[in-house]
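Reading through the structure tokens given below for one structure.
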Amino acid sequence: MCAGTQLGCGQAGCFVMVSAMELEPGIDPDRHHDSGRWLARFAGRILVVCPRCGGCAVVVPRPGLPELRFFSELLYRPRRLTCGECGAVADWTPELRGTGLVGVALGGTEDPFFRRPLWLQTRSVGQILWAYNEEHVNELAAYVGARLRERGGARPTRAMFARLPRWMKTSGNRSDVLAGLERLRVLAKRSTPADRSDVAHERGDRPRPHKSMYFRGGPY
């Protein structure tokens, strides 16, 4: 089983922060409340295809960094890729621009740090369904499976659910998408090269870096 460490972004030269102490909503299988969470919340631990053996590797913040204050910090924290199958290790550091650290852009079927294909990928209704980790899968399943979807007062432009593709939100696709998410849950418990999904390969659909996304005066 792939394992790793526990666990959005600003524009136009500013950096909006989302507290890591964000409260969890109540659990109701027929009702989902969107509090405006960003995809960055799930970017602390990303399962990817190992560049050496093709098994499951994990990308996490490099050990020994200061305690996480905001989920948005995950966009520019130094990262480490490790593979439990073959022992591969690689490090990533953010680009430095003046006194600022350039953050990555999340989304797509590749991780934004090492540009490796995500481990959790499968086909669903003619599309590619992907997730960063098990927590991300569970959050998507709670949203897709809910009959009633509520949105909070604040609607940040980077809110994850607001940016999901229409095919994932359509009620007619609910059962197929939930079945796909269940396949991702099973895949998250596997790690050998033979377990790799046939759709987990380089696709070049990772968003390009947003040059205005950087944090000035970071501790890294």
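The values are calculated or read from the model by the stated rules, or taken from the named source; none is laboratory data. Note that the structure is a prediction, hence the values are computed from the model and not measured. In this analysis, Cβ positions are derived from the backbone assuming ideal geometry, glycine residues included, and neighbour counts consider all displayed protein chains. Please note that ligands, DNA and RNA were not included when accessible areas were found on the heavy atoms of the full protein model with its side chains. Shrake-Rupley method; radii C 1.70, N 1.55, O 1.52, S 1.80 Å.
Worth pointing out:
- Of the residues making up region 107-126, those that are under 23 Å from residue 170 (Cβ atoms) and open to solvent by 40 Å² or more (accessible area, probe 1.4 Å) number 3.
- Any chance residue 14 is at pLDDT 55 or above and either part of a loop (DSSP other than H, G, I, E, B) or open to solvent by 20 Å² or more (accessible area, probe 1.4 Å) (or both): no
- Residue within region 84-102 that is within 12 Å of the chain's Cα centre (by Cα) and open to solvent by less than 10 Å² (accessible area, probe 1.4 Å) present: no
- Just so you know, in region 169-192 the residues that are part of a helix (DSSP H, G or I) and at pLDDT below 95 include one that is least open to solvent (accessible area, probe 1.4 Å), and it is 174.
- Subset of region 59-77 (residues that are open to solvent by less than 10 Å² (accessible area, probe 1.4 Å) and either closer than 18 Å to residue 118 by Cβ or part of a strand (DSSP E or B) (or both)): 59, 74, 75
- Test: residue in region 148-156 that is at pLDDT below 95, open to solvent by 10 Å² or more (accessible area, probe 1.4 Å), small (Gly, Ala, Ser) and touching a Gly at 6+ places or on another chain (Cβ under 8 Å): yes
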